[in-house]
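**Student:** Have a look at the structure that comes next, please.
What follows is calculated from the coordinates using simple rules that are stated; it is not laboratory data. Treat the numbers as computed from the prediction; the structure is a model and nothing was measured. Glycine also receives a Cβ, built like all others from the backbone with ideal geometry; neighbour counts cover every protein chain displayed.
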């Protein structure tokens, strides 16, 4: 939990972000949540009345602070998506809760911010087509299920095949990787598929889950990217999208380590890449 505040502080301290370039979201409106999630589930979580089994599946103890953090993080993804449409690129200092299903939470994820943001934009006719690029080490199972019958949202998940969740859902395109994949293999695989994917989908917006649990030192990941590989990935995704004219909204996704400073550094890489893209493209 501390990584969110520490990431924010590091971005400010190192000049990657400033008070002039930061937007603060309001708490998400309940109607945004119920456009994706079952109203009874939303009500039960927000009021602290989830049954014990559902709470255990989420993996986090309930508190009023957790409710506020969850709704602010989700609202941040909606705001980042709106900003990306007008500015070309925007990043949320949280988000990526792709294991949350319409009727329940799972894997530390309560509400699915990617699904809520996509549905928010579609319902308001701000976009006609959304591409979700999920590069977290774990499959975006909740997102895949939420949009299994929605042709306007294309879900792409490149993840470790032998990792959580044990039962995978069907994304529009799943690209499972074997355990232990390193930088060169990973980046080459991404380079082979992302340009063609963009050409196929032609989205009005890319929602990018930049999970850093693909790192070799992550305690819940089984891939082997280095810090250099992670930064190259972020640059590759952002540049591939922006040079083709597709706006990108980024969320930080998963990352798990006892070494908090190293973890925050890894999460900062997508912001560093975004800052470089803003300079290059004068966004």
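**Student:** Can you report the number of residues in the range 56-74 which are touching a helix residue (DSSP H, G or I) at 6+ places or on another chain (Cβ under 7 Å) and not in a helix (DSSP H, G or I)?
**Tutor:** Matching residues across the range 56-74 total 2.
**Student:** Report, by residue number, each residue of the range 201-237 that is surrounded by fewer than 22 Cβ atoms within 10 Å (Cβ to Cβ) and part of a strand (DSSP E or B).
**Tutor:** Correct list: 224 only.
**Student:** Quick check: is even one residue across the range 48-55 assigned to a loop (DSSP other than H, G, I, E, B), touching a residue at least 40 places away in the same chain (Cβ under 8 Å), surrounded by fewer than 21 Cβ atoms within 10 Å (Cβ to Cβ) and touching a helix residue (DSSP H, G or I) at 6+ places or on another chain (Cβ under 9 Å)?
**Tutor:** no
**Student:** Which of the numbered conditions does residue 283 fail, given that it passes all the others? Conditions: (1) touching a residue at least 60 places away in the same chain (Cβ under 8 Å); (2) in a helix (DSSP H, G or I); (3) over 18 Å from the mean Cα position of the chain (by Cα).
**Tutor:** (2)
**Student:** Condition first: under 23 Å from residue 244 (Cα atoms) and surrounded by fewer than 22 Cβ atoms within 10 Å (Cβ to Cβ). Now tell me which residues in the range 67-125 satisfy that.
**Tutor:** 79, 82, 83, 85, 86, 87, 88, 122, 125
**Student:** Follow-up question, since we're still on this one. What is the residue count in the range 247-266 for residues that are within 22 Å of residue 108 (Cα to Cα) and buried (at least 24 other Cβ atoms within 10 Å of the Cβ)?
**Tutor:** 8
**Student:** May I pose another question? Can you name the residue in the range 30-45 that is without any contact (Cβ under 8 Å) to a residue 24 or more places away in the chain and surrounded by 12 or more Cβ atoms within 10 Å (Cβ to Cβ) and is also nearest to residue 100 (Cα to Cα) among such residues?
**Tutor:** Checking each candidate, the answer is 34.
To keep it simple, each residue is scored yes or no on (1) without any contact (Cβ under 8 Å) to a residue 60 or more places away in the chain; (2) farther than 25 Å from residue 77 by Cα; (3) in contact with a helix residue (DSSP H, G or I) (Cβ under 6 Å, 6 or more places away or on another chain).
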| site | (1), (2), (3) |
| --- | --- |
| 158 | yes, no, no |
| 177 | yes, yes, no |
| 180 | yes, yes, no |
| 186 | yes, yes, no |
| 202 | no, no, no |
| 207 | no, no, yes |
| 247 | no, no, yes |
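**Student:** What do you reckon, is residue 240 touching a residue at least 24 places away in the same chain (Cβ under 8 Å), surrounded by fewer than 21 Cβ atoms within 10 Å (Cβ to Cβ) and farther than 25 Å from residue 115 by Cβ?
**Tutor:** No.
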